[in-house]
Amino acid sequence: MTLAGPVLAVQPDEVLKDPGLEARARVISEGLRCLVCQNQSIDDSDAPLAKDLRLLVRERLKEGDSNHQVVDYVVARYGEFVLLRPTFGWHTLLLWLSPLLAVGLGAVGIWRLSRRRAPKAEGLSAAEAAEVEALLKRR
């Protein structure tokens with residue numbers, strides 16, 4: 001089972017005859033999200049839209065586009081959500097920095113809790129000591 005490797009949804013009729021172009025298509029497809037499944041690349045998805053995107057990528061490569069041009073074309077058509085790894089920019093700054101922010105806030109919270117001291121227990125007043133003594137004598 002461990003030697004089986006990943007199962008891809010690419011159908012034999014989609015595979016390009018040129019191995020170089022097919023390798024480029026696989027590299028591009030690994031970075032594009034299936035818009036139906038949303039947690040799989042278009043290479044891993046059996047959804048009809050993923051198949052259409054795989055065919056679109058291969059068509060653009062056959063027309064002579066570079067990998068970057070193909071990705072730009074797909075992003076222009078479907079939006080940045082189609083990228084499995086979003087680009088780093090001002091509009092995605094919160095997305096990229098939120099893990100660091102969460103860890104930082106957690107560290108500050110733990111630090112503040114560790115600095116909090118339990119109130120010191122004071123000794124019993126004379127009246128309380130007498131009351132405890134009286135209770136102990138009743139036993």
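The values are calculated or read from the model by the stated rules, or taken from the named source; none is laboratory data. Predicted, not measured: the structure shown is a model, and the values here were computed from it. All Cβ positions, glycine included, derive from the backbone under ideal geometry; neighbour counts span all protein chains shown. Accessible surface areas use protein heavy atoms only, side chains included; no ligands, DNA or RNA. Shrake-Rupley method; radii C 1.70, N 1.55, O 1.52, S 1.80 Å.
General observations
- Residue 81 vs. criteria of a type in the set (Phe, Trp, Tyr) and in contact with a helix residue (DSSP H, G or I) (Cβ under 8 Å, 6 or more places away or on another chain): no
- Members of the stretch 10-43 found to be in a loop (DSSP other than H, G, I, E, B), modelled with pLDDT of 85 or more and open to solvent by 70 Å² or more (accessible area, probe 1.4 Å), listed by number: 36
- Single match in 59, 63 (criterion: modelled with pLDDT of 90 or more and more than 21 Å from residue 45 (Cβ to Cβ)): 63
- Of everything listed in (1) open to solvent by 50 Å² or more (accessible area, probe 1.4 Å); (2) touching a strand residue (DSSP E or B) at 6+ places or on another chain (Cβ under 6 Å), the single unmet condition for residue 82 is (1).
- Residue 54 vs. criteria of a type in the set (Lys, Arg) and surrounded by 11 or more Cβ atoms within 10 Å (Cβ to Cβ): yes
- Leading residue by the ranking (nearest to the chain's Cα centre (by Cα)) among those in the stretch 95-127 that are open to solvent by 90 Å² or more (accessible area, probe 1.4 Å), aliphatic (A, V, I, L, M) and more than 23 Å from residue 32 (Cβ to Cβ): 100
- Just one of the listed residues (60, 77, 54) is within 24 Å of residue 15 (Cβ to Cβ), in a helix (DSSP H, G or I), in contact with a Phe, Trp or Tyr (Cβ under 9 Å, 6 or more places away or on another chain) and in the same structural domain as residue 20 (by the TED database), namely 60.
- Number of positions in the stretch 85-101 that are under 18 Å from residue 75 (Cβ atoms) and in a helix (DSSP H, G or I): 5
- Just one of the listed residues (123, 104) is free of Cβ contacts under 8 Å to residues at least 12 places away in the same chain, assigned to a helix (DSSP H, G or I) and either over 30 Å from residue 19 (Cβ atoms) or not assigned by the TED database to the domain that holds residue 18 (or both), namely 104.
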